[in-house]
1. Against the conditions (1) closer than 18 Å to Lys6 by Cα; (2) of a type outside the set (D, E, K, R); (3) within 14 Å of the chain's Cα centre (by Cα), where does Ala80 fall short? Just the number, please.
2. Within 11 Å of the chain's Cα centre (by Cα) and of a type in the set (Val, Ile, Thr), is that true of Val34?
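Every number here is computed from the coordinates shown, using simple stated rules; none is lab data. Everything numeric here is computed off the predicted structure, so don't read it as measured data.
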Amino acid sequence: MSRPKKCRRVACEPEVTYFKPAGVPLRELSESEVTVDELEALKLVDFKELEQTAASKKMNISQPTLHRLLTSARKKVAEALVKGQAIKIKGGEYYIKKEVE
């Protein structure tokens, strides 16, 4: 029996939860689903340019777990861009805790 997933801390719910290629009707698209915790990992490391150790502390997870989230999210986003798929942001094991800066 595997260990239950630990909830990951995210700063807030994403404002935008769906992206699709322009000019392609939604009914003709397949989707790639990125979880909220994967998006938070991408935001902290790729957008805010934090080191993985600092980002993992902000999310209250280990660095290897953060690395797995990043790898999964990057693969899904890259596949959606290359194949012209829509990206849906939904789900994941997370809780919201605002950052105090």
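1. The one condition Ala80 does not meet is (1).
2. Yes, satisfied.
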